[in-house]
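The structure under discussion appears below in the form of structure tokens.
Every number here is computed from the coordinates shown, using simple stated rules; none is lab data. Computed from a predicted structure; not experimentally measured. Cβ: placed from backbone, ideal geometry, glycine included. Neighbour counts: every protein chain shown.
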Amino acid sequence: MLEEVERWLDRRSWSVADRPIERILAAKRNTKVSVVLPALNEEATVGDIVAVIRRELMSEAVPLVDELVVLDSGSTDRTAEVAAAAGARVVARDAILPRIPAVPGKGEVLWRSLMVTSGDVICFVDADLRDFSADFVTGIVGPLLTDPDVDFVKAMYDRPFGAEPDELASGAEPDELASGAEPDELASGKTPGQGGRVTELVARPLLNLHWPQLAGFVQPLGGEYAARRSLLERLPFPVGYGVELGLLVDALHTVGLDALAQVDVGVRKHRHQDERALGRMAAAIYRTAQLRLSRGHLVRPRLTQFERGEEGFTPRTYAVDTEERPPMLDITEYTRRRVA
């Protein structure tokens with residue numbers, strides 16, 4: 001298995017510099033590219049990301065991106081207004097597929113985005129990135145346009161530990177994090193080249209033990225990835241934070257390892273979350289893996305954590321996401337739309 005992973009790394013791991021924009025545009029032809037930003041209370045960053053994509057990838061000189069959609073997951077700040085002012089088409093989560101009541105979670109909005117986009121290639125980018133570079137899009141879209149054998153591409157990058165004090169979130173609930181990728185460990189300094197704690201302590205061990213073919217992915221939980229619609233519409237979507245691991249595992253079983261790839265896009269900066277939020281995320285990811293291993297029933301889909309109060313430690317119990325959305329091809333409205 002190690003030899004298979006090493007062969008895959010040689011064949012399917014690239015740098016963004018390996019595909020100049022001229023080569024990507026020449027290969028694009030009639031392929032339509034959609035970029036989706038899932039967003040929940042990201043007014044501080046979403047506008048800059050939209051502006052970079054529009055300026056650098058949607059111009060007459062570089063017409064790579066055909067459609068840019070910010071999917072608002074119920075923001076209570078000015079996320080929708082800022083995104084629209086920067087030039088994105090903003091769609092509210094609850095306005096999509098009203099027949100199926102929406103639930104909180106990142107995977108929920110990614111699943112619904114298939115209903116309101118038309119691209120042959122769909123690129124997901126988290127809306128909380130700082131110092132955003134267009135390389136995040138060109139890097140992961142490039143292989144899908146230049147190599148017909150590739151169906152799913154993840155970004156890989158360095159993730160410096162640490163943040164300025166005003167970047168640190170305090171106690172956000174899992175459904176409040178619907179736009180972000182996996183949070184990093186809180187730290188006062190900055191350490192280059194570190195992955196997120198949930199990746200290193202939960203996702204990477206799970207993948208190495210149970211899906212060793214996927215052991216070569218540097219950032220398996222990263223929120224920046226692109227795929228062909230023809231693949232995404234065949235996959236179930238965990239509604240919460242298990243979506244990244246779930247899609248990666250299901251893509252492996254659906255199209256095989258050689259159809260999966262990763263591209264080094266440099267450095268990723270984003271906001272950080274506290275340890276309790278990390279714990280709830282880890283539980284959702286473990287549950288997603290468990291479901292794929294057993295396809296059975298969970299014994300206790302809940303997580304109890306503790307907070308110190310005036311009278312000692314007080315337990316708080318949270319539900320762990322146990323719902324998944326079916327492949328979009330099973331949804332009547334979607335198939336009718338595709339026929340039309």
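Observations on the structure shown:
- By DSSP, the beta bridges lying fully in the chain are antiparallel in about 45 percent of cases.
- Computing FRET efficiency as 1/(1 + (r/R0)^6) for residue 305 and residue 62, where r is the C-beta to C-beta distance and R0 is 51 Å, gives about 0.60.
- Unit charges on C-beta of K, R, D, E only; dipole of the chain, Debye: 1000 debye
- Extension gain, residue 30 to residue 2, is 6.2 nm, computed as 0.36 nm per intervening residue step minus the present C-alpha separation.
- If the chain linking residue 76 and residue 333 were pulled fully straight, counting 0.36 nm for each residue of separation and taking away their Cα-Cα distance, it would gain 89.6 nm.
- Lys/Arg +1, Asp/Glu -1 at C-beta; the chain dipole; positive extreme among 90, 312, 210: 210
- Between the amide H of residue 269 and those of 130, distances stay under 5 Å, these residues lying 5 or more places away or on another chain, with hydrogens modeled in the peptide plane.
- Between residue 325 and 237, 239, the built amide H atoms are under 5 Å apart, and every one of these is 5 or more places off in sequence or on another chain.
- Mean-position separation - Cα centroids, the range 67-102 and the range 208-225, in angstrom: 29 Å
- For the range 2-339, the alpha-carbon coordinates run over 66, 49, 47 Å along the three principal axes, in decreasing order.
- The chain: DSSP helices with Cα axial extent of at least 18 Å and average Kyte-Doolittle hydropathy no lower than -1.0: 275-294
- Taking amide hydrogens as placed 1.01 Å from N in the peptide plane, the amide H of residue 15 sits under 5 Å from those of 264, each at least 5 positions away in sequence or on another chain.
- When DSSP beta bridges are restricted to pairs lying wholly in the range 30-136, around 5% turn out antiparallel.
- Under the simplified labelling scheme, the residue 17-residue 275 pair shows an inter-label distance of 4.0 nm, with each label point 7 Å from Cα along Cα→Cβ.
- Net lengthening on full extension, residue 318/residue 9 (0.36 nm per residue, minus Cα-Cα): 107.4 nm
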